[in-house]
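Asker: I have a structure here, written as structure tokens, and I will follow up with some questions on it.
FYI, it's all coordinate maths here, none of it is from the lab. Everything quoted here is computed from the prediction, not taken from an experiment. Cβ atoms come from the backbone with ideal geometry, glycine included; neighbour counts cover every protein chain shown.
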Amino acid sequence: MQPKITIIIPVYNVEPYLRQCLDSVANQTMQDIQAICVNDGSPDNSLVILQEYADRDFRFEIIDKPNRGQAAARNTAFPSIRGRYTMFVDSDDWIDLKACENSYWYAEQTQADFVLFQRYWYQQKTAAATPDYRDWPLLCETLGQKKQLLKTARFTACINLWRSDFLLQHSLTFPEGLINEDSFFFWQAVTRAERIAFLPQLLYYHRQHGTSTMRSFGEKRMDIFQIYTLIEEDLRQSGNYSLYRDEFITRKLREGKFVIETIHPKFRQQAEQRFIETIGQEDIDYLKAMKRHRGTRDYCLSLMGIPCPWHRKLVEKACQLTRPLVRHLKPQLRRLQRKVLRRHISPLENRIVQLNDLVCQLCREIVELKASQTESFKPLKKVA
């Protein structure tokens, strides 16, 4: 008999959290499920715990494999899927006891390719669960609705119930060896889906802790640049790039900026270079015409050494502030000039030099005029 839902759980080194995850699956109000647990070469006792659950509950199946990452673990489970629908649960997270029942009922009612639901962010240190509410239309079918979803969604495979034949029909898989693999998977799914449903219920608990992949600030964060290269290739091969160009470029630039700002400082310069390599002329033209997300626009243009609208305003403000300065402040002005130029505003160098010269000339004339009017006023011999 075909299970209603297959739950895929990739497992790696999560012994402290694994039982809570497996209990939330085993105790679902919908009993007709299949749970595929893929042990990805865990060095701790995770496999022992998995075997314990499989021995007492026939619905749990174990695949044991060498460590190749979460994406490979999920992909390994695909040939074993038997459920009408598929759900992904990370092994350090857990789901509401009615997650399967409620999402299955809604998927059947709407006949959607996949159903999105809501989640809690659970902070391990404080044991606080914060709702992550989203305001999406209950049905997403038009191109405009799908674009809006790509603009605002947090890309994850876990807070969804996927129709299994939809995944298999379009050969949707996760790119292996990279983190942020969910972004690629989600873009593929949204651009191919005919109907997406939104169930406004909090059914998933996403645990945040020190060893969580998504809280890493290390070198692997730069995988996002390769992920967006893969997304662009897929959009072009499927003929969807022109339809989703604006949404794709905006998300790519915003996420690239976020990674650079949050990655460990020792990797920041490397991340900036990797980011610049992903930006083509089409992206630059789009940036220049960009009216929303001006912070992202100006940051990216500045990173590539292209003058931004706010640069001119900065220099105009500098003009106002430097007019009353006297000669002895010229070294500070020069240092300011060098600092500004290091921010990639080299096209304005001549203007700043001319400004400094003008300030010095005005200061000299003011001093000479003051000296001619007041006998007690004695200027220095060299004022220029």
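Asker: Using Cβ contacts closer than 10 Å as the measure, can you line up 195, 297 from fewest to most?
Answerer: By the 10 Å Cβ count, ascending: 195, 297.
Asker: Of the listed pairs 65/125; 4/98; 220/252, which have alpha-carbon separations greater than 20 Å here?
Answerer: Violating the 20 Å Cα-Cα cut-off are 65/125.
Asker: Which whole-Hz couplings ³J(HN,Hα) result when phi for each residue of the range 232-239 is put into the Karplus expression 6.51 cos²θ - 1.76 cosθ + 1.60, θ = phi - 60°, listed in order with x for Gly and Pro?
Answerer: Taking θ as phi minus 60°, the curve returns 4, 4, 5, 4, 5, 5, 8, x Hz for the range 232-239.
Asker: In what sequence do 25, 48, 115 fall when counting other Cβ within 10 Å, fewest first?
Answerer: Taking fewest neighbouring Cβ atoms as first place, the list is 48, 25, 115.
Asker: Moving on to the next point. For the range 129-226, rounded, prolate or oblate, judged on the Cα gyration tensor with a ≥ b ≥ c (square roots of eigenvalues), a/c < 1.5 rounded, else prolate if a/b > b/c?
Answerer: In terms of gyration-tensor shape, oblate.
Asker: Would you list 171, 238, 164, 46 from fewest to most Cβ contacts within 10 Å?
Answerer: Ascending number of Cβ neighbours within 10 Å: 171, 238, 164, 46.
Asker: What are the chymotrypsin sites (Phe, Trp or Tyr not before Pro) within the range 1-107 that DSSP puts in a loop, where the Cβ has at most 11 other Cβ atoms within 10 Å?
Answerer: Those satisfying the criteria are 58.
Asker: May I pose another question? Fully extended, how many nm does the chain gain between residue 237 and residue 141 (0.36 nm per residue separation, minus their Cα-Cα distance)?
Answerer: 32.4 nm
Asker: Once amide H atoms are placed 1.01 Å from N in the peptide plane, what residues at a sequence separation of 5 or more from residue 63, or on another chain, have their amide H within under 5 Å of its amide H?
Answerer: Correct list: 37, 38, 39.
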